[in-house]
Amino acid sequence: MATTIMILYVSKMNKIIHFPDLDKKIPGKLFPLPLLYVGNHISGLSSTSKLSLPMFTVLRKFTIPLTLLLEAIILGKQFSLSIILSVLAIVLGAFIAAGSDLAFNLEGYVFVFLNDIFTAANGVYTKQKMDPKELGKYGVLFYNACFMIIPTVIISVSTGDFQRATEFSHWKNILFIIQFLLSCLLGFLLMYSTVLCSYYNSALTTAVVGAIKNVSVAYIGMLVGGDYIFSLLNFIGLNICMAGGLRYSFLTLNSQLKPKQPVDEESMPLDLKS
């Protein structure tokens, strides 16, 4: 969050990008994104510690149908039967892929489903708040980080995580510091690319892209790394999941009702806007 604030503020001062200055209307325009943002992180970290990786991956796929549902309710979007079936194929494929690892953990299930809800709601509300005439994509990123950095530090202090971080033994290791700063930069790039994907496409497309990425990593893991244990059920599920994702991509790219690409007003000079 600190990296996001610094990069966007410096870019704004140098007139590389534009987003609204802070005023009393900003919190109202941004709400409830900051709460969803933190809820997403906390529930995600809690669920990963309670569930096995295959089961976590399966249950996280429920983010996709939840995103579809919330886009229909909040943004009023309508989806064709083909789109809905491709989304269901992704979820079905994920279930089949992890069918051999169905271990019940009530606390883990609660956290991961909360994580699904927070992730879906965060994606849909981010799409809603990115109107160039309001906060825009840079404003959403900047003020989301600004409003939540202090509460997040307070939470980390109260749980003891902040003290453990400050006592970490490698803060004098130059190589570690370089890698840590690079991870902060990559974290900003990840958030920015996710927001950019939702800005030019939809929250649902961003969720599906994430699912395809996970399956692609699984395919690569079969050939590289040597720790993949082949299972017919797992392989069939991965292929169904990938087929559903590719079908969704095909339908999205070839839709006759494809909207025009929005104009990036935030990067336009103020004189051109006027």
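The table below gives the values:
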read-out	value
Ranked by how many other beta carbons lie within 10 Å on average, peptides 155-164, 142-151 from highest	142-151, 155-164
Highest average packing first - 192-203, 76-87, Cβ atoms within 10 Å	192-203, 76-87
Rounded if a/c under 1.5, otherwise prolate or oblate - the stretch 132-177, Cα gyration tensor axes	oblate
Two-site label geometry, Lys24 and Thr48: point separation in nm, points 7 Å out along Cα→Cβ	4.1 nm
Rough spin-label spacing in nm, given labels placed 7 Å along Cα→Cβ, for Ile220 and Ser11	2.4 nm
Rounded, prolate or oblate (a/c below 1.5 giving rounded, otherwise prolate when a/b exceeds b/c) for the stretch 1-87 by Cα gyration tensor	oblate
Order of exposure, largest accessible area first, which applies to His170, His18 with probe 1.4 Å	His170, His18
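The values are calculated or read from the model by the stated rules, or taken from the named source; none is laboratory data. Values in this document were obtained by computation on a predicted structure and should not be read as measured data. Cβ atoms come from the backbone with ideal geometry, glycine included; neighbour counts cover every protein chain shown. Protein only, heavy atoms only, side chains kept; ligands, DNA and RNA dropped before computing areas. Shrake-Rupley method; radii C 1.70, N 1.55, O 1.52, S 1.80 Å.
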